[in-house]
2 protein chains.
Amino acid sequence: PRKNDGPLYESAVGDIVQRSREELKAIRETNPGLKPTLAIIQAGEDDNLLEVNKKMARKIGLNVMQICLPDQCTEEEVIEEILRLNEDSLVHGIFLHLSQSFLSRSVCNAIKPQKDVDGVSDLNVGRVLLGDQRDGFASPVAGAVLELLARHDAPLVGKMAVLVGVKGPLKVTLQFLLQNNGMIVQTCQWSSKHLQKQIMDSDVVVLLDTGHKGLPPTWLRPGVAVINLGSALMEEHCDSWEPRMEAKSDAGVGPLSAALRMQHVVRSSRRWLEEQEYQSWSLR
Amino acid sequence: PRKNDGPLYESAVGDIVQRSREELKAIRETNPGLKPTLAIIQAGEDDNLLEVNKKMARKIGLNVMQICLPDQCTEEEVIEEILRLNEDSLVHGIFLHLSQSFLSRSVCNAIKPQKDVDGVSDLNVGRVLLGDQRDGFASPVAGAVLELLARHDAPLVGKMAVLVGVKGPLKVTLQFLLQNNGMIVQTCQWSSKHLQKQIMDSDVVVLLDTGHKGLPPTWLRPGVAVINLGSALMEEHCDSWEPRMEAKSDAGVGPLSAALRMQHVVRSSRRWLEEQEYQSWSLR
Ligand SMILES: NC(=O)C1=CN([C@@H]2O[C@H](COP(=O)(O)OP(=O)(O)OC[C@H]3O[C@@H](n4cnc5c(N)ncnc54)[C@H](OP(=O)(O)O)[C@@H]3O)[C@@H](O)[C@H]2O)C=CC1
Ligand SMILES: NC(=O)C1=CN([C@@H]2O[C@H](COP(=O)(O)OP(=O)(O)OC[C@H]3O[C@@H](n4cnc5c(N)ncnc54)[C@H](OP(=O)(O)O)[C@@H]3O)[C@@H](O)[C@H]2O)C=CC1
């Protein structure tokens, strides 16, 4: 691991943006009328992470449609919006920018798998874990962690990783991707009595920091990579504990996951086109 | 771990059979016409494992329908049978008793999730990993391994397990269930150069033995639990290496997984009934 990951993650973002631009250009050449679109459902104002996503969409050439619900909206209202977007043929991807408390299994599974560019539905997670990875959309945040680790110098095989406070589709997908790269992965909650031991045993610590306390620096092995997912998932980004970290590798996880999300939207629109073509052929 | 697991696994099988009989009896009391049925697609003759499954169905009171395809059948023929059984309202579960080479992702995903009592489809695996475990059917073979381990004396938290030569939905589900019980799980192929080290580090070794070589006894820690899944998955059960094992815990995995499979058929038929009732209510 290196102290400064700026250039590393920036080149990863650059690569993904470049590839997606070209893919989109090829699609637009044969289908000039098509405007691939990401729909974002949010509660409340734009935040930092939303700005990063919108900037990434602009860079690649994607449209963004924002559905802003009031802060006090209900689960039913969110599902209603999702069902409407499922039927909207202009929309090729749906991103729920909502707090964890809204992301119940019913909400996540309401998204049509073809438009689930964040990989939060049961079917998508099953596809990613069992199929070819092109079959389903893997959580972009999990993908971003892998991209970051892959660009470090040290090989991952046989290394220990721990996921602290990570839950749901992100936890399952991340655990799978890390294990698939030969790592031994443990998970734990912030309240676990094994937390200190598991962190001290780990070469890679991935954490979702719901509080603002941070990890005591004495818990971290020299050279450990610490990746805080907060900047890729949450409204408030608490970087108050940054100076205490020995090796902070999470600078890029927000922009990287945004870039991967947009790549999924481009792929989704290409698949949609292929399906349309297949259907018009089979109708002849 | 104990040398003789006979009584242990037999009581687990007995508990599941007892519970399923009662559940089925309750269903039949309100729906005397219903005959919950497991359909088995097989290529070739009945083998040992099939006999175990049929006996378990009889004990619980389930019907069994066998579809016997020729040994040389194609993937398309298997899928055709599955699609027919998906539409057959008499069938509440589908079990593919076929060699691994037939169990491609397209074959597994052809099964309607509601009838996928073996938990081989992408959606079912996603549901098991993300939802309440009642949402989806977890692989009965994975469930059987957990039942066996849970009945040993030693707690599982913090223990090391390795899955050797296990693949697909079974691997993913088993890895998840073991990790969910606090174990640290590694997986490897028989050809892996890390095989010996991983086995020597493990408290639990779960293996699918495609060859007939067995593990050198010197590789096994004292007190290790070794579970061979062959008897739950394959036609030929190679117990030639049994005497060489220090602690063999796999005696029950065949009958236990059969019992769990039948429990899933009973649950599937109950869910189907609930759905019928819901539909007839909503039609009024
Ligand atoms: N060092 C740090 O940065 C942090 C330290 N802590 C400390 O750890 C202790 C316990 O923390 P606390 O958070 O209460 O305990 P837990 O981490 O056990 O979580 C408690 C509750 O929050 C839920 N939860 C945990 N992680 C997430 C997540 N990523 N997204 C959504 N919900 C989640 C849990 O759900 P379920 O039980 O269903 O899994 C549980 O209901 C406290 O002393 C606290 O101060 C807490 C957070 C951050
Ligand atoms: N001790 C024992 O009991 C055994 C020892 N061996 C020994 O290990 C060495 C390599 O064995 P070999 O089996 O060829 O190597 P692998 O275990 O690497 O498997 C080789 C091929 O079989 C596939 N495969 C592996 N496991 C399964 C499974 N559970 N179901 C279906 N297909 C599977 C692999 O698929 P993919 O690459 O796609 O994962 C690969 O295509 C040989 O020396 C062999 O003798 C092999 C088997 C049992």
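The values are calculated or read from the model by the stated rules, or taken from the named source; none is laboratory data. Since we're looking at a predicted model, the values are computed, not measured. Cβ: placed from backbone, ideal geometry, glycine included. Neighbour counts: every protein chain shown. Side chains are part of the model used for accessible areas, which takes the heavy atoms of the whole protein and leaves out ligands, DNA and RNA. Shrake-Rupley method; radii C 1.70, N 1.55, O 1.52, S 1.80 Å.
Eight or more residues apart or on different chains, and alpha-carbon atoms under 17 Å: count the Lys pairs in the range B:1-111 matching that. Walk me through the numbers before you get to the answer.
Working: B:25/B:35; B:25/B:59; B:35/B:54; B:35/B:55; B:35/B:59.
Here the count comes out as 5.
Between the amide H of residue B:226 and those of B:205, B:247, B:249, distances stay under 5 Å, these residues lying 5 or more places away or on another chain, with hydrogens modeled in the peptide plane. Each copy carries a label point for residue B:112 at 7 Å from Cα along the beta-carbon vector; from one copy to the others these points are 2.4 nm apart, nearest first.
Counting pairs of alpha carbon atoms under 8 Å apart in space and at least six apart in sequence, what relative contact order in percent does the range A:58-179 give? The value is 19 percent. Remark: the range A:254-268, residue by residue, has Karplus-estimated 3J(HN,Hα) of x, x, 4, 5, 4, 5, 5, 4, 5, 4, 5, 5, 4, 4, 4 Hz, where x stands for each Gly or Pro and the curve is 6.51 cos²θ - 1.76 cosθ + 1.60 at θ = phi - 60°. Relative to the longest principal axis of the Cα atoms of chain B, helix B:75-87 runs at roughly 50 degrees. Ascending distances from the residue A:100 label point to its copies in the other chains, with the point 7 Å along the Cα-to-beta-carbon line: 3.8 nm.
Against the main long axis of the alpha-carbon atoms of chain A, helix A:48-60 sits at an angle near 50°. In the assembly of identical copies, residue A:194 has its label point, taken 7 Å from Cα in the direction of the beta carbon, separated from the corresponding points by 1.9 nm (ascending, one decimal).
Amide hydrogen proximity for residue A:187: with H placed 1.01 Å from N in the peptide plane, the residues at 5 or more positions away or on another chain lying under 5 Å are A:163.
Cα-based radius of gyration for the range B:77-206, normalised by 2.2 N^0.38 Å, reads 1.16.
List the trypsin sites (Lys or Arg not before Pro) within the range B:48-150 that DSSP assigns to loop and that have no more than 11 neighbouring Cβ atoms inside 10 Å.
On the way: sites: B:54, B:55, B:58, B:59, B:84, B:105, B:115, B:127, B:134; in loops: B:134.
Listed in order of number, the matching sites are B:134.
Computed on the protein assembly as shown, the Cα convex hull volume stands at 182 Å³ per residue. Sequentially through the range A:66-74, phi angles give Karplus couplings (6.51, -1.76, 1.60; θ = phi - 60°) of 9, 10, 9, 9, x, 3, 8, 5, 9 Hz, Gly and Pro residues having no value and appearing as x. P(r) tail for the range A:130-209: Cα pairs beyond 22 Å make up 22% of the total. Along chain B, counting only GluC sites (Glu not before Pro) with a DSSP assignment other than H, G, I, E or B and at most 12 other Cβ atoms inside a 10 Å radius, the longest segment between sites is B:46-235. On the protein assembly as shown, 52 percent of the accessible area sits on carbon and sulfur atoms, based on a 1.4 Å probe. P(r) tail, chain B: Cα-Cα pairs separated by more than 37 Å, 13% of all pairs. Remark: the range A:25-36, residue by residue, has Karplus-estimated 3J(HN,Hα) of 4, 4, 5, 5, 5, 8, 9, x, x, 6, 10, x Hz, where x stands for each Gly or Pro and the curve is 6.51 cos²θ - 1.76 cosθ + 1.60 at θ = phi - 60°.
Translational diffusion coefficient, Stokes-Einstein: compute it for the range A:24-141 using the Kirkwood radius over C-alpha pairs as Rh, at 25 °C and 0.890 mPa s, and state it as an integer in µm² s⁻¹.
Numbers: Rh = 15.1 Å.
The diffusion coefficient I find is 163 µm²/s.
For chain B, the longest principal axis of the Cα atoms and the long axis of helix B:140-150 meet at an angle of about 50 degrees.
Using a ≥ b ≥ c from the Cα gyration tensor of the range A:1-72 (square roots of the eigenvalues), is it rounded, prolate or oblate, where a/c under 1.5 gives rounded and otherwise the larger of a/b and b/c decides, a/b for prolate? Cα axes put the range A:1-72 in the oblate bin.
Rounded to the nearest 0.05, what FRET efficiency do residue B:46 and residue A:76 give with R0 = 56 Å and r taken as the Cβ-Cβ distance? Could you check? Calculated transfer efficiency: 0.65.
Where chain B is carried onto chain A by rotation, the Cβ closest to that axis, with its residue and distance in Å, is B:126, 2.
Centre-to-centre, using Cα atoms only, the range B:152-171 and the range B:45-104 are separated by 28 Å. For residue A:66, the residues whose modelled amide H falls within less than 5 Å of its own, excluding neighbours fewer than 5 places apart on the same chain, are A:40.
Per residue, how much accessible area does the range B:1-108 have with a 1.4 Å probe, in Å²?
Details: 5690 Å² over 108 residues.
With all protein chains present, the range B:1-108 gives 53 Å² per residue.
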